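Below is one structure, written out as structure tokens, with a few remarks after it.
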Amino acid sequence: MVRRHEGAQGAFALEVTPQSAGWERAGLRILELPSGGSQTIRTQDAEVALISLSGSATVDVDGSVQFTLHGRPGVLAGPSDVVYVPRDATFSVISPRGGRFALCSAVCTARLQPAHLPAADVPVELRGTGSASRQVHNFGVPGVLEADRLIACEVITPGGNWSSWPPHKHDEERDGETRLEEIYYYETEGPAYQRVYGSADVLTQVRTGDAVLIPHGWHGPSMAAPGYDLYYLNVMAGSQRAWLIRDDPDHAWVRETWPSQPVDPRLPYGGQT
């Protein structure tokens, strides 16, 4: 568990590195810029997918290519567009009106080309039904964003619902499962809770700016208290770029109930389907 501002560095309200997490690849930084603010970052051995949590920015990569990150007013306003920055690059984020930005990263081998993914091209998935309904923005998954090791998405769980349900894991390399390190980053105006179990048993309250690190074990549910929507960002990385999970067999039957229930009528948020 990393609480907001723990290990913060300068303009970064949250900083999780492979070194601080004690693993090999996955990382996340939350950049907060005032009006007219800017930050220059070296990617070193990691690729980065940059999204807006709120606000817009110009992103200059290696002084040779420039993208406009149009962003959004907030995390419930639909997907953000994405700027992909390869390893061994230097990029600057300049925000005339200020904003908050998530830098999802993964230590990788291949150096790809910088790229921009428009928000309109981000698939929006309504996953689950009933009280397990949630909205998923698949901005950084294989087949959507070209990357070497990074996998990322964001989830909106309406107040009173559970997501990451049924509980699942991805900590072994075997048929139907890949080993992926994972970071959950949260934003919510009220109480929310995260469960992780297996080699350790964790049930913790999470608040805006907090992160939970999951190197192994079953994770779920992520619980939104009634009246308070829950947003979280998932950042994953492993030795191969494949998102294959195994449901906890004690709860896997829950998926079979979904076809008989309607999707939560509050979804989708942001007017997208």
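The values are calculated or read from the model by the stated rules, or taken from the named source; none is laboratory data. Remember, predicted model here, so these are calculated numbers, not experimental data. Please note: Cβ atoms are built from the backbone with ideal geometry, for glycine as well, and neighbour counts cover all protein chains shown. Ligands, DNA and RNA are excluded from the accessible area calculation, which covers all protein heavy atoms including side chains. Shrake-Rupley method; radii C 1.70, N 1.55, O 1.52, S 1.80 Å.
So, in the stretch 152-180, of the ones that are assigned to a strand (DSSP E or B) and of a type in the set (D, E, K, R), which residue ends up farthest from residue 195 (Cα to Cα)?
Of everything passing the filter in the stretch 152-180, 174 is farthest from residue 195 (Cα to Cα).
Can you confirm whether residue 254 is part of a loop (DSSP other than H, G, I, E, B) and surrounded by 14 or more Cβ atoms within 10 Å (Cβ to Cβ)?
no
Can you pull out every residue in the stretch 238-249 that is surrounded by 10 or more Cβ atoms within 10 Å (Cβ to Cβ) and not in a strand (DSSP E or B)?
Answer for the stretch 238-249, where residues must be surrounded by 10 or more Cβ atoms within 10 Å (Cβ to Cβ) and not in a strand (DSSP E or B): 239, 240, 241, 242, 243, 244, 245, 248.
Identify all residues within the stretch 181-208 that are outside any loop (DSSP other than H, G, I, E, B) and of a type outside the set (Ser, Thr, Tyr); write none if there are none.
Matches in the stretch 181-208: 181, 182, 183, 187, 192, 194, 195, 196, 202, 203, 205, 206.
Out of the residues in the stretch 70-96 that are in contact with a Ser or Thr (Cβ under 6 Å, 6 or more places away or on another chain) and in a strand (DSSP E or B), state the one that is most open to solvent (accessible area, probe 1.4 Å).
70
Consider residue 56 carefully, then state whether it is hydroxyl-bearing (Ser, Thr, Tyr) and surrounded by 16 or more Cβ atoms within 10 Å (Cβ to Cβ).
yes
Residues of the stretch 131-151 being of a type in the set (S, T, N, Q), open to solvent by less than 20 Å² (accessible area, probe 1.4 Å) and outside any strand (DSSP E or B), which ones?
Matches in the stretch 131-151: 133 only.
Would you confirm, using the coordinates I've provided, whether residue 260 is among the small types (Gly, Ala, Ser) and either crowded, with 17+ Cβ neighbours inside 10 Å or under 23 Å from the mean Cα position of the chain (by Cα) (or both)?
no
With 20, 38 as the choices, which residue is within 21 Å of residue 232 (Cβ to Cβ), open to solvent by 50 Å² or more (accessible area, probe 1.4 Å), more than 16 Å from the chain's Cα centre (by Cα) and of a type in the set (Ser, Thr, Tyr)?
Numbers: 38 fails: within 21 Å of residue 232 (Cβ to Cβ).
None of the others qualify; the one that does is 20.
Please work out if residue 49 is surrounded by 21 or more Cβ atoms within 10 Å (Cβ to Cβ) and closer than 16 Å to residue 150 by Cα. Before the answer, list the steps.
Values: surrounded by 21 or more Cβ atoms within 10 Å (Cβ to Cβ): yes; closer than 16 Å to residue 150 by Cα: yes.
Answer is yes for this residue.
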